[in-house]
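The values are calculated or read from the model by the stated rules, or taken from the named source; none is laboratory data. Remember, it's a predicted structure, so these values are computed and weren't measured experimentally. Heads up, the Cβs are rebuilt from the backbone with ideal geometry, glycines too, and the neighbour counts pull from every protein chain shown. Just the protein is used for accessible areas: all its heavy atoms, side chains included, with ligands, DNA and RNA removed. Shrake-Rupley method; radii C 1.70, N 1.55, O 1.52, S 1.80 Å.
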Amino acid sequence: QVQLVESGGGLVQAGGSLSLSCAASGRTFSTYAMGWFRQAPGKEREFVAAITSSGRNTYYADSVKGRVTISRDNTKNTVYLQMNSLKPEDTAVYYCTAGSGVYNTDRLYDYWGQGTQVTVSS
């Protein structure tokens, strides 16, 4: 069982930056691939970024590529999402997730956090 708790969301102006964190419980964090998804009002949850268990490989949605960086610290059981050059269309609830592999489909992940709100004003 893995419990995930996101933090770092908030309100930021367009062009600004935010750094999200996701703290995981349990001693098996380093065995899980981690991902970030987001869900805007009235829209389906969508893939943002993912990272392999070792942290060697990262993957990004085209909509955020070049503006977002996912990273992890297995000694701290934490995964991060650094977001730069934010746009109003990045406004959403951001969810951290853990799974056995890197996927861009939410149903393939096993554990989810409660989400953190990111609002980008124009």
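Figures for the structure shown
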quantity	calculated
Test result for G55, open to solvent by less than 60 Å² (accessible area, probe 1.4 Å) and either modelled with pLDDT under 95 or of a type in the set (F, W, Y) (or both)	no
Residues within region 103-114 that are modelled with pLDDT of 95 or more and either closer than 12 Å to A49 by Cα or out of contact with any Gly (no Cβ under 8 Å at 6 or more places or on another chain) (or both), tallied	3
Boolean, G26 is more than 18 Å from E6 (Cβ to Cβ) and of a type in the set (G, A, S)	no
Flag if S71 is more than 17 Å from A40 (Cβ to Cβ) and not in a loop (DSSP other than H, G, I, E, B)	yes
Within region 104-122, tally of residues that are in a helix (DSSP H, G or I) and either closer than 19 Å to S63 by Cβ or in contact (Cβ under 8 Å) with a residue 24 or more places away in the chain (or both)	1
Residue under evaluation A49, criteria (1) open to solvent by 20 Å² or more (accessible area, probe 1.4 Å); (2) of a type in the set (G, A, S); (3) not in a loop (DSSP other than H, G, I, E, B), criterion not met	(1)
Search result, residues across region 26-41 that are part of a loop (DSSP other than H, G, I, E, B) and either of a type in the set (A, V, I, L, M, F, W, C) or at pLDDT 95 or above (or both)	Y32, A40
Only one of S85, S54, S63 that is touching a residue at least 60 places away in the same chain (Cβ under 8 Å), of a type in the set (S, T, Y) and part of a loop (DSSP other than H, G, I, E, B)	S85
Inter-residue pairs, beta-carbon under 7 Å, first within 24 Å of T119 (Cα to Cα) and open to solvent by less than 40 Å² (accessible area, probe 1.4 Å) and in region 22-42, second of a type in the set (K, R) and not in a loop (DSSP other than H, G, I, E, B), 6+ apart	M34/R72
Residue count for region 69-100, restricted to those that are open to solvent by 10 Å² or more (accessible area, probe 1.4 Å) and more than 17 Å from S122 (Cα to Cα)	14
Meets criteria (in contact with a Phe, Trp or Tyr (Cβ under 6 Å, 6 or more places away or on another chain) and charged (D, E, K, R)) for R45	yes
Selection from region 1-17 of residues that are among the hydrophobic types (A, V, I, L, M, F, W, C) and open to solvent by less than 30 Å² (accessible area, probe 1.4 Å)	V2, L4, V12
